[in-house]
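Student: Have a look at this one before I ask anything.
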C-alpha cells in the first residue's frame, strides 16, 4: 500500500500563525495611511484656496477694484486685503476667507508667499504644505501649489 505524503494539520496551523505574525508586523511599513491622509487634506485645502480666491475676485469685480494693486473687499463682514482682485498673500487675508481651525493648521510666510501646513508636522514648510502667492500683475491669477511629502 502506498502511503500518501502531505502536511499535517499542526504543520499547516503553525505556517498560518507565522504568516499572520509577519503580516501584522510588516503591513504598517508598507501602508502609510497617515501620509496619504495629509496629502489628501492638502489637496482639499488647495481647492478651497482656489475657490475662495475666485469668490474674492468676483466680489472685487463687483466693487470695481479687480485691477487695483491694493484694495479691500468685504466677505462675510470681514475685510479681505486684495492684490489685483485676489486675496493678498497674508495669513490674515486668507484666514478671513477660509474657515480653517487654528488647532489644525499653522501659517507661515516666506517673502511674498504664505503657506499653510498641518499643525504638528515637523519640517512641514518644505515638504508638507500649501503655498499661496498673490498675482504679480493685473489679469494674472494667484499661484497655489501643494508640497507633498508628508
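The values are calculated or read from the model by the stated rules, or taken from the named source; none is laboratory data. What you see is a predicted model, and the numbers here were worked out from it, not measured in a lab. Don't worry about glycine lacking a Cβ; one is built from the backbone with ideal geometry, like all the others, and counts go over all protein chains shown.
Student: Out of the range 45-64, which residues are surrounded by 15 or more Cβ atoms within 10 Å (Cβ to Cβ) and touching a residue at least 60 places away in the same chain (Cβ under 8 Å)?
Tutor: 45, 46, 49, 53
Student: While we're looking at this one, here's another question. Of all residues in the range 1-42, which are more than 29 Å from residue 128 (Cβ to Cβ), at pLDDT 80 or above and either part of a loop (DSSP other than H, G, I, E, B) or in contact with a strand residue (DSSP E or B) (Cβ under 6 Å, 6 or more places away or on another chain) (or both)?
Tutor: 7, 8
Student: So, in the range 101-144, exactly how many residues are free of Cβ contacts under 8 Å to residues at least 24 places away in the same chain, in a loop (DSSP other than H, G, I, E, B) and in contact with a helix residue (DSSP H, G or I) (Cβ under 9 Å, 6 or more places away or on another chain)?
Tutor: 2
Student: Right, something else. Quick test of your reading of the structure: residue 120 fulfils all but one of (1) over 17 Å from residue 148 (Cα atoms); (2) surrounded by fewer than 17 Cβ atoms within 10 Å (Cβ to Cβ). Name the failing condition by number.
Tutor: All conditions are met except number (1).
Student: For the range 71-91, state whether one or more residues are surrounded by 14 or more Cβ atoms within 10 Å (Cβ to Cβ) and within 17 Å of residue 40 (Cα to Cα).
Tutor: No.
Student: Just the residues that are in a loop (DSSP other than H, G, I, E, B) and within 23 Å of the chain's Cα centre (by Cα), please, taken from the range 56-91. Give the steps one after another, and end with the answer.
Tutor: The first filter runs over the range 56-91 and keeps only residues in a loop (DSSP other than H, G, I, E, B), leaving 64-70, 76-77, 84-85, 88-90.
Within the range 56-91, 88, 89, 90 meet the criteria.
Student: OK, next. Just to be sure, is residue 130 modelled with pLDDT of 85 or more, closer than 21 Å to residue 57 by Cβ and buried (at least 20 other Cβ atoms within 10 Å of the Cβ)?
Tutor: The answer is yes for residue 130.
Student: I would also like to ask the following. What do you reckon, is residue 40 at negative phi and free of Cβ contacts under 8 Å to residues at least 24 places away in the same chain?
Tutor: yes
Student: Enumerate the pairs (first residue in the range 65-94 and at positive phi and touching a residue at least 12 places away in the same chain (Cβ under 8 Å); second residue anywhere and outside any loop (DSSP other than H, G, I, E, B) and surrounded by fewer than 18 Cβ atoms within 10 Å (Cβ to Cβ)) with beta-carbon separation below 7 Å, excluding pairs fewer than 6 apart on the same chain, so at least 6 apart or on different chains.
Tutor: The qualifying pairs are 85/61.
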